[in-house]
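S.K.: Dumping the structure here so I can ask a few things about it.
Every number here is computed from the coordinates shown, using simple stated rules; none is lab data. Predicted, not measured: the structure shown is a model, and the values here were computed from it. Glycine gets a Cβ as well: all are built from the backbone with ideal geometry, and neighbour counts include every protein chain shown.
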Amino acid sequence: MSEIKVNKISPRTACGTTTLGDSGDTFTIPAGVTITNSGTASGFGATGAASWSTTVKTGDFTATAGIGYFVNTTSGEVDVTLPAGSAGSVVAIKDYANTFDTHNCIIISNGSEKIGGSTNNATLGTEGLAVTLVYIDAVQGWLITDSGLQSDVDTNPYIEATGGTITTSGNDKIHTFTGPGTFTVCAVATCAANNVVSYAVVAGGGGAGTGNNTNNLEGGAGGGAGGFRETKSPVTPYTASPLDGYPSAPNRITVTATSFPITVGSGGAGGAQTGPFTTGFPGTVGSSSTFSTITSAGGGKGGAGGPSPEGAGGNGGSGGGGGANNGCVGSGNTPPVTPAQGFNGSAGTTSAGGGGGGATAAGGPVTTNNAADGGAGATTEITASPVARAGGGGGGGETTKGCGGAGGGGNGYTNGSNGPGSGVAGTVNTGGGGGGAFSNSNSNPTTGGTGGSGVVVIRYKYQ
């Protein structure tokens, strides 16, 4: 093998051309050899690509053709002046610290040369942006051939989602829906266990009933609480309610990258006295709440003072209480699910209404003239602090009122020395049942309390 050692190879004639080898020959560059191009390279198949410099630029500079630059604008705007254009020349820019949206990178053309057919400077103002510019000709000058965002490369191994009011607790994100909306999963977790989300779905509470002034039928019954359903994923560390349905497969929700419509049930209206009557007016049932395959039923209506059918409590997530002088109560957990989404209401007695059922207890006992309390709701820490929801409404009574169950149930009204009066509404976004009214005067119309609206909460690990 022959070897030639020289310091420089030049053409024989001034401005001539030197040819290395003949067609079909192969030249091998050994490992460790560095080739530096200080001029213009052509025919190497590199037009439109750049060799990236790993020296981060933090101040204004003039670019060199064929080089890509990482530009850091953390401390302020950086101006990049393009080199003189030559067809096929390439320059690339990348947002090093994802700060182009805070402090821009300004691209300045060389002299009167154009950028995208314009003599104006170009502004890079999008976080994480990377662009490649190639010089084409004097008409268009430098054109963008490639662009992208750092966010296009998803490196987050956890769920990414939007919708509702978003808060955090430790490593978890919490989406709270107090009205209809959409929970949109933009990306799923790489670990399958992290795609099982925690949720609490609470329906609207039932409206309460009101009584009348005939035959001691004064006490309206409390409305039943909206159905309460919860499942806690093992990867989200909080204290769930006693109604946690994990690991039952029908209750578990494993999300995919799609949109999940959310329905949040409204509370049922309370029964309203509209004039002289022989029976009272019952409330109305609450509306259901839904997330994916989970539906919680609206709370049952509170019965009116008087015989059935007006005096009977309604069925629902939790059952409504029976009105004064009525033994018929509404059934909870209707339709049936496991664990049960609520309990029965309680029956009324002379001049006093029964209590609405709650998520964890039936409506309380009632005695003559003394109205029943609403059943207790369920307490969960899914929103990062303990909150009780889905308490039943208290009944209206002649001597004592029924208190709303813990978890947003409305209090009933007692006659006492105050005369007739309307019940208290269930608390919004708890699914509490409305409180029963007390009426013994056609000249002073009363209304049962409206049920509280529901809520849907979704929780998952995000970091």
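S.K.: How far apart, in nm, are the 7 Å Cα→Cβ label points at W52 and T258?
M.R.: It works out to 3.7 nm between the two label points.
S.K.: Another question, then. Rounded to the nearest 5, what % of DSSP beta bridges with both residues in the range 51-152 are antiparallel?
M.R.: Numbers: 17 of 32 bridges.
Just about 55 percent of them are antiparallel.
S.K.: Antiparallel versus total DSSP beta bridges in the chain: what percent is that, nearest 5? Don't jump to the answer; show the numbers that get you there.
M.R.: Values: 61 of 79 bridges.
Counting DSSP beta bridges with both partners in the chain, the antiparallel share is about 75 percent.
S.K.: Okay, next question. Using only alpha carbons, build the gyration tensor for the chain and give me the equivalent ellipsoid semi-axes, biggest first, whole Å. Write out the running numbers ahead of the final one.
M.R.: Numbers: eigenvalues 1202, 94, 44 Å².
Ellipsoid semi-axes (Å, largest first): 78, 22, 15.
S.K.: Now a separate question. So how strong a dipole does the chain carry about its Cα centre when Lys and Arg Cβ are +1 and Asp and Glu Cβ are -1, to the nearest 20 debye? Spell out each step's value before the answer.
M.R.: Details: 15 positive and 23 negative charges, 152 e Å.
Charge dipole of the chain: 720 debye, to the nearest 20.
S.K.: Taking θ as phi - 60°, what are the ³J(HN,Hα) couplings along the range 445-450 by the Karplus curve (6.51, -1.76, 1.60), each to the nearest whole Hz, with x for Gly and Pro?
M.R.: Running phi through 6.51 cos²θ - 1.76 cosθ + 1.60 with θ = phi - 60° gives x, 10, 9, x, x, 6 Hz.
S.K.: Another question, then. Given the peptides 99-107, 189-197, 394-402, arrange them by the average over their residues of other C-beta atoms within 10 Å, most packed first. Mind dumping the intermediate values first?
M.R.: Working: 99-107: 18.4, 189-197: 16.8, 394-402: 33.0.
So the peptides 99-107, 189-197, 394-402, ranked by packing, come out 394-402, 99-107, 189-197.
S.K.: Which whole-Hz ³J(HN,Hα) couplings does the range 220-235 yield from phi under the Karplus relation 6.51 cos²θ - 1.76 cosθ + 1.60, θ = phi - 60°, glycine and proline marked x?
M.R.: Each residue's phi maps through the Karplus curve to give x, 8, x, x, x, 5, x, x, 10, 10, 9, 9, 9, 6, x, 8 Hz.
S.K.: Give me the one-decimal Kirkwood hydrodynamic radius in Å for the range 79-178, with the sum taken over alpha-carbon pairs. Don't skip to the end; give the middle numbers.
M.R.: Values: mean 1/r = 0.0623 Å⁻¹.
Result for the range 79-178 stands at 16.0 Å.
S.K.: Please give the peptides 343-355, 119-131 ranked by average Cβ packing (other Cβ atoms within 10 Å per residue), highest first, as a rough proxy for protection. Each step should come with its number before you reach the end.
M.R.: Details: 343-355: 35.2, 119-131: 16.3.
By packing density, highest mean first, the sequence is 343-355, 119-131.
S.K.: How would you order 381-390, 137-146 from highest to lowest mean count of nearby Cβ atoms within 10 Å?
M.R.: Details: 381-390: 21.4, 137-146: 14.3.
Highest-to-lowest ranking by the protection proxy: 381-390, 137-146.
S.K.: Here is a follow-up. Using +1 at the C-beta of Lys and Arg and -1 at the C-beta of Asp and Glu, which of A87, T54, I106 has the Cα lying farthest in the positive direction of the dipole of the range 51-152?
M.R.: The listed residue farthest towards the positive side: A87.
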